[in-house]
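Below is one structure, written out as structure tokens; comments come after it.
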Amino acid sequence: MLKDTLLNISQNESVHKFVTNNRATRGVARRFVAGEQLDEAIEVARTLNQRGLLVSLDLLGENVLGEEEALSATKDYIQILDNIKAAGVDANISVKMTALGLDVSRDLSDKNVINILEHAQQFPIFVRIDMEGSAYTEATIRTTLRLRERFEHVGTVIQSCLYRSKQDIEQMITQGVRIRLVKGAYKEPKNVAFPLKRDVDHNYVRLMTLLLLRGNYPALATHDEAIINAACKYARDNGVSPRSFEFQMLYGIRRDLQDKLVQQGYKVRVYVPYGSQWYPYLVRRMAERPANLMFVVSNLLRR
């Protein structure tokens with residue numbers, strides 16, 4: 001109920017304007033967003049590397065409606081790759097197909113992501129194609145599978161909330177695609193997604209074990225400590241090396257757990273978003289975890 005309410009509110013333009021123009025909420029957003037400029041994100045990545053953490057940089061923004069915007073986003077992603085290389089930080093990038101023009105045309109978004117991958121290949125830097133709402137799942141899966149035939153350093157994301165995810169993972173495993181497994185942060189209709197959290201969690205564990213046994217360096221993206229402990233136990237019991245997969249967590253969430261896993265010998269990557277279009281991202285983070293919402297509210301009350 002809370003998740004649906006927050007995601008509905010996120011579509012309200014008046015609320016959007018109020019939050020993004022409010023100095024207090026912009027300050028609180030810095031807990032979860034590295035900043036609005038690439039240089040700020042690079043410095044955050046450097047600091048995280050010093051703690052033994054890997055990084056995935058993500059330029060916030062999605063659902064562009066014109067070719068010029070999509071080309072601009074493509075140039076921005078290429079700039080991220082250049083800055084990662086120049087700064088010498090241990091990071092890869094995540095891209096969104098709708099930021100590259102998927103709502104304009106499939107040909108446009110495919111052309112733009114290929115330009116990014118060709119540029120990343122020279123370093124090489126891994127590129128993750130983010131999964132968005134279920135309306136884009138099929139297109140994202142098809143694009144990733146086509147690109148994997150040409151590029152080794154490309155992967156995507158699978159959401160355990162969707163009924164179709166096991167089938168998608170089986171196909172990805174066959175083609176050696178690297179997968180980030182998440183629960184899913186979008187509001188989805190009941191005909192395509194599990195409506196209950198316990199079913200989403202159960203499916204996550206089922207898909208997680210499949211990836212640990214047969215996946216190509218899977219990324220387990222979760223802050224759920226019970227699931228993380230289950231993954232560690234499953235890996236130990238089945239002879240899965242802790243270096244053959246990684247945990248992923250969001251910037252600003254469970255720093256204690258990130259450090260604990262690194263100390264235990266696991267690889268941990270922190271997803272670091274930056275950019276001016278932080279509002280939808282912030283709302284999804286609050287919708288995912290009530291603790292995030294309480295953090296935002298308590299900080300606003302103190303201002």
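Any read-out appearing in this document is the output of simple, stated calculations on the displayed coordinates, not a laboratory observation. Here the structure is a predicted model, which is why all the values come from computation and not from measurement. Virtual Cβ from ideal backbone geometry, glycine too; neighbours counted across all protein chains shown.
Each of Y217 and E118 was given a label point 7 Å from its Cα along the Cα-to-Cβ line. The distance between the two points is 2.4 nm. Compactness of the range 131-170 is given as radius of gyration and Dmax, 10.2, 29 Å, from Cα positions.
For the range 37-120, the relative contact order comes to 36 percent (Cα pairs under 8 Å, sequence separation of at least 6).
Fully extending the segment from E43 to R206, taken as 0.36 nm per residue of separation minus the present Cα-Cα distance, adds 55.0 nm.
Here the range 33-277 was treated as a single set of alpha-carbon atoms; its pair distances binned every 5 Å from 0 give 1, 6, 14, 17, 21, 18, 13, 7, 2, 0, 0 percent. Calculated FRET efficiency, A226 and E149, Cβ-Cβ r, R0 41 Å, to nearest 0.05? Once the sixth-power term is evaluated, E becomes 0.60.
Remark: relative contact order (the range 109-242) = 20 percent; criterion is Cα-Cα distance under 8 angstrom and separation of 6 or more residues. Exposure proxy ranking for E152, E132, based on other Cβ atoms within 10 angstrom of each Cβ and starting from the fewest, stands as E152, E132. The length gained on full extension between D107 and D76, counted as 0.36 nm times the residue separation minus their Cα-Cα distance, comes to 9.2 nm.
Taking a quarter of the surface of the Cα convex hull of the range 166-288 gives a mean projected area of 8.4 nm². Once the chain from D199 to S276 is taken as fully extended at 0.36 nm per residue, the excess over their C-alpha distance is 24.3 nm.
Note that the range 245-284, at 25 °C in a medium of 0.890 mPa s, gets a Stokes-Einstein diffusion coefficient of 217 µm²/s from its Kirkwood radius over C-alpha pairs. Here K111 is the anchor, and the lysines within straight C-alpha reach of less than 26 Å, apart from those fewer than 8 places off in the same chain, are K75, K85, K96.
Note on K85 and V262: the model spin-label points, each 7 Å out from Cα along the C-beta direction, lie 2.6 nm apart.
Each of L250, L81, L71, L65 was scored by other Cβ atoms within 10 Å of its Cβ. Listed from fewest to most, they are L65, L71, L250, L81. Sketch the reach of a paramagnetic label on R164 as a point 7 Å from Cα along Cα-to-Cβ, and name the residues of the range 100-131 whose backbone nitrogen lies under 14 Å away. Under 14 Å, as judged by backbone N against the label point of R164, lie 131 of the range 100-131. The 3J(HN,Hα) values that the Karplus relation (6.51, -1.76, 1.60; θ = phi - 60°) gives for the range 116-132 are, in residue order, 5, 5, 5, 5, 5, 4, 6, 8, x, 10, 6, 10, 9, 8, 5, 8, 10 Hz. Gly and Pro appear as x. Of all lysines in the structure, the ones whose alpha carbon falls short of 27 Å from that of K260, not counting any fewer than 8 places away in one chain, are K183, K197, K233.
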